[in-house]
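Accompanying notes for the structure given below.
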Amino acid sequence: TPLLDALPRLPKAELHLHVEGTLEPELAFALAQRNGVVLPYPDVAALRAAYDFGDLQSFLDLYYACMPVLRTAEDFHDLTAAYLERSHRDGVAHAELFVDLQVHLANGIPADAVLDGMLAALAEARRTRGTTGGVILAVVRDRPVATAHEALDAVAHRVHDLVGIGLDSAEVGYPPALFVEVFERAAALGLHRVAHAGEEGPPSYVVEAVELLGVERVDHGIRAVEDPTLLALLVERGIPLTVCPLSNVRLRAVPDLASHPIRALLDAGVAVTVNSDDPAYFGGYVGANYAALVQVGFTAPELARLAAASVRASFADDARKAELL
Ligand code: ADE
Ligand code: ZN
């Protein structure tokens, strides 16, 4: 259809993307072989067959099981480069990528290998395709808080190589309030602040992310729809949500796309953006997430507004935003 044909030409920013969630099964096995690492699945088909998730935790178990194949700067480069190449075809002109540094440090990988690899791929994408973007250090909330501080220690000598700090992984039982000091430290280092909240966790976690961590965007945030006072707060403060429709369906945060709260959030006046989260695992990159919205009645002007909202919600500088708007 003409609507779908025009989608890739809408300049967009991808703001909620875990680089490890772009690990396609073929690349996972290629890296396993290159590094002499054994995956807990015999082959690509068996790994792909395991992509049947009942909730966030069942996904995270598989996602973390694949991470040990990532060992060298070259691995992080190849992973990031593959994502940037793929997302360019969907019109992603600016990409802010989460990385679960604590997990890689625990696997014995130096922070510099992770960042050197990712930044080399980002620099190449900027040179060859004009893509801008950066790296967000995602605090893995179900690991000890001390390891979050260790991750910050490991990047403190090159903090200008990061755009921000985030908060991800198993949400329920790990409220934002636990991370006030980590986020204060990150803010003092000049980092932007975002956090996953209200994916599976209650609206009160979204309130904590805003009021206690000082986040500038909320990742997912879909359960904010349950709390009118919180919706008003997000509107009044102009805090965008990075919504991931296909992720929410795959991880059963919502029963199906038709009942996804994205429409209600937009109607409430919240700044909503569309993103892919972990596209290798959830059946589609950001273009597929926009296309899924067409199926539930979104029109061409609405998709154009969502793309423009993603640019405005990004941490790109004003000149770059103006180019893309
Ligand atoms: N890590 C990778 N994807 C995630 C998600 N959707 N929620 C929380 N943590 C994640
Ligand atoms: Zn996420």
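With the Cα gyration tensor of the range 88-168 giving a ≥ b ≥ c as the square roots of its eigenvalues, does the rule (a/c under 1.5 for rounded; else a/b larger than b/c for prolate; else oblate) give rounded, prolate or oblate? Walk me through the intermediate numbers first.
Details: a/c = 2.40, a/b = 1.89, b/c = 1.27.
In terms of gyration-tensor shape, prolate.
Output the peptides 15-28, 140-153, 111-124 sorted from most to least packed, where packing is the average of other Cβ atoms within 10 Å over each peptide's residues.
Answer by packing, highest mean first, reads 15-28, 111-124, 140-153.
Summing -39500 (n - 2.57) over the DSSP H runs of n ≥ 4 in the chain and dividing by its residue number, what mean residue ellipticity at 222 nm do you reach, to the nearest 500 deg cm²/dmol? Before the final figure, lay out each step's value.
Working: 17 runs with 159 residues, N = 325.
Estimated from H runs of four or more residues: -14000 deg cm²/dmol.
What is the magnitude of the charge dipole of the range 2-324 about its Cα centre, with +1 placed on the Cβ of each Lys and Arg, -1 on the Cβ of each Asp and Glu, and no other charges, expressed in debye to the nearest 20?
Values: 25 positive and 44 negative charges, 152 e Å.
With Lys and Arg at +1 and Asp and Glu at -1, about 720 debye.
How high is the relative contact order of the range 13-160, in percent, counting Cα pairs under 8 Å that sit 6 or more residues apart?
Once normalised by length, the contact order is 28 percent.
Would you mind listing how long the range 185-284 runs along its three principal axes, going by Cα atoms, in whole Å with the largest first?
Over the range 185-284, Cα extents along the principal axes are 39, 31, 20 Å.
Just to be sure I understand: with springs between alpha-carbon atoms less than 10 Å apart, which residue in VAL243, VAL182, VAL272 has the highest mean-square fluctuation in the Gaussian network model of the chain?
VAL182
Apply 1/(1 + (r/R0)^6) to the Cβ-Cβ distance of GLU150 and VAL180, taking R0 = 25 Å, and write down the FRET efficiency to the nearest 0.05.
On the way: r = 17 Å, r/R0 = 0.69.
With R0 = 25 Å, the Cβ-Cβ based efficiency is 0.90.
For the range 2-324, what does the relative contact order come out to in percent, with C-alpha contacts under 8 Å and a separation of six or more? Working shown, then result.
On the way: 576 pairs, mean separation 67.2, N = 323.
Taking the mean separation of contacting Cα pairs over the length of the range 2-324, I get 21 percent.
So what is the relative contact order for the range 179-293, in percent, with contacts set as C-alpha pairs under 8 Å and at least six apart? Walk me through the intermediate numbers first.
Numbers: 178 pairs, mean separation 23.8, N = 115.
RCO, the range 179-293: 21 percent.
Would you pull out the residues with amide H under 5 Å of THR132's amide H, same chain only if 5 or more places away, H placed 1.01 Å from N?
Hits under the 5 Å cutoff: HIS94, ALA95.
Can you tell me the Rg and the Dmax, both Å, for the Cα atoms in the chain?
18.3, 53
Find, to one decimal place in angstroms, the Kirkwood hydrodynamic radius of the range 127-215, where the mean of 1/r is taken over every pair of different Cα atoms and then inverted. Before the final figure, lay out the partial values.
On the way: mean 1/r = 0.0743 Å⁻¹.
That comes to 13.5 Å for the range 127-215.
Bear in mind that the values in this text are calculations on the coordinates, not laboratory data. Since the structure is predicted, the reported quantities are computational estimates derived from the model, not experimental observations. So basically every Cβ, Gly included, is an ideal-geometry build from the backbone, and we count neighbours across all protein chains shown.
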